[in-house]
Amino acid sequence: MNSQTPLNATERRDPLALLRKGLDALYYISGLLGALFLVAILLIITAQMACRWLGIQFPGSADYAGYCMAASTFFALAYTLNNNSHIRVSLILSCLKGRVRHLADLWCLGVSTLLAGYMAWYCIRNVQLSQLIHDISQGQDATPLWIPQLALAAGTVIFTIALSDHLIRTLLNADHTFDDAQHVEEEAF
């Protein structure tokens, strides 16, 4: 079930259905934020070009574009995972069937969840440290670094939640995101 699936009357009273709807909304909002940061990159680069043509200085524009690029990447992680858009190397997994395939999916999701959680913890600690020592960017704009680091921390936390969600659903045989039927083999670009 994703965010486009409507809820009927019995599902509205079911706490698990509400949780599912809330998680799907969180992933959707996260993806929307990722898209908005991509638009921000476009606007910053356009403003930088206009300033250059007009002979006006735009200090920190390259830094701001970099911050937006990182934010767009990290906010998009949970959305793309939830919509089966992550690139997944399944050379070995495609050879496995049945219970062995299920166990391999569980192992992959478990390791991914642990690594994402570890990264989220360190991103949060990095924000705290930058705020504590009043760390600023090296550019002319002297941006407090905890501000752009906050987007990375939020994105990794949401991604960890998404991975945990998929891990739990896979444990309960309720997640079919990674089934072979969901993937297009040898897709031509």
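Read the figures in this text as sums done on the coordinates, not as results from a lab. This one's a predicted model, so the numbers in the text were calculated from it and none came from an experiment. Every residue, glycine among them, receives a Cβ derived from its backbone with ideal geometry; neighbour counts consider all protein chains shown.
Name every residue in the stretch 80-112 that is within 17 Å of the chain's Cα centre (by Cα) and at positive phi, in order of residue number.
Asn84
Taking the stated definitions as given, is Ala120 buried (at least 17 other Cβ atoms within 10 Å of the Cβ), under 23 Å from Asp165 (Cα atoms) and in contact (Cβ under 8 Å) with a residue 60 or more places away in the chain? Please lay out each step first, then the result.
Details: buried (at least 17 other Cβ atoms within 10 Å of the Cβ): yes; under 23 Å from Asp165 (Cα atoms): yes; in contact (Cβ under 8 Å) with a residue 60 or more places away in the chain: no.
The answer is no for Ala120.
Could you please let me know if Leu77 is more than 13 Å from the chain's Cα centre (by Cα), within 26 Å of Val157 (Cβ to Cβ), of a type outside the set (Asp, Glu) and in a helix (DSSP H, G or I)?
Criteria not met by Leu77.
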